[in-house]
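Structure first, then comments.
No value in this document is a laboratory result; all are computed from the given coordinates. Keep in mind that what you see is a predicted model, and the values were worked out from it rather than measured. With ideal geometry, Cβ positions are generated from the backbone for all residues, glycine too; neighbour counts draw on all protein chains shown.
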Amino acid sequence: MKNDLYSFAFRGLLTEESLDKTGRLKYHPEAIYFSEEIAKELQLNEIDEKYVQQSKSMITVFAAITAFENATRNFVYSVLVDEFNNNWWEKGIQKGIREKAESRKEKESKIRWHSNRGDDLLSYVDFGDLSKIMVSQDNWSLFEPYVYNQEWVKTIFADLEESRNVIMHSGILDEYDISRVGMNIRDWLSQINA
């Protein structure tokens, strides 16, 4: 029985070694989000490996923040459309935020050789402006049933924006910042999806 166990374990190790020799790729968590094909197209292999590894460590954080931002844009849009229908942009978005977004969209529409942020005007609104839209005097009654407390909304978005800006400007977050991002996203989703 003891020899059978050793034999089984040894055969497993030999199989693993054979698979490695044939070029098997080992699983890495970033492989979920990292595409070797796109990396090749982007000439990533020409950049110092130190910087590539630093950026890979932030892939999942980037994905979480980006997904959160897009989901929040959709949440804000849904609440405003429910209230104002087709007039959601004019009635639900403050004039300064509206003008800044419209100007960005206009500018990007002139650059036809490059993809733009999207067709939706809310795609052109700054991340920090999303909380301003929600807590504005005109909109608070629409968002209060979901989020209850204006200061909490401002705090969540201020914290996430700090981390977002580090990531979006090629910085690296430490484990405490990453934990804070996760906690804020979890708390926000728990609150609005209750």
Taking just the alpha carbons, could you work out the radius of gyration and Dmax for the stretch 67-114, both in angstroms? 12.8, 37
With 0.36 nm assigned to each residue of separation and the Cα-Cα distance removed, H169 to D119 gains 15.6 nm
Which entries of K110/K132; K107/K154; K40/K100; K91/K154 have Cα-Cα distances beyond 31 Å here? K40/K100
Given 174-183, 87-96, 46-55, the highest-first ranking by average Cβ count within 10 Å works out to 87-96, 174-183, 46-55
Give me a comma-separated list of calculated 3J(HN,Hα) values for the stretch 90-107, in order, Karplus coefficients 6.51, -1.76, 1.60 applied at θ = phi - 60°, integers in Hz, x for any Gly or Pro. 6, 8, x, 10, 4, 3, x, 5, 4, 5, 5, 5, 5, 5, 4, 5, 4, 4
Percent relative contact order of the stretch 111-193, based on C-alpha pairs within less than 8 angstrom and at least six residues apart? 25 percent
Calculate how large, on average over all directions, the projected area of the Cα convex hull of the stretch 129-183 is; give the answer in nm² to one decimal. 4.1 nm²
Apply the Karplus parameterisation 6.51 cos²θ - 1.76 cosθ + 1.60, with θ equal to phi minus 60°, to every residue of the stretch 46-56 and state each ³J(HN,Hα) to the nearest whole Hz, in sequence, with x for glycine and proline. 8, 9, 3, 4, 4, 6, 5, 5, 4, 5, 4
Distance histogram in 5 Å bins (all Cα pairs of the stretch 38-194, percent per bin): 1, 8, 16, 18, 17, 15, 12, 7, 4, 2, 0
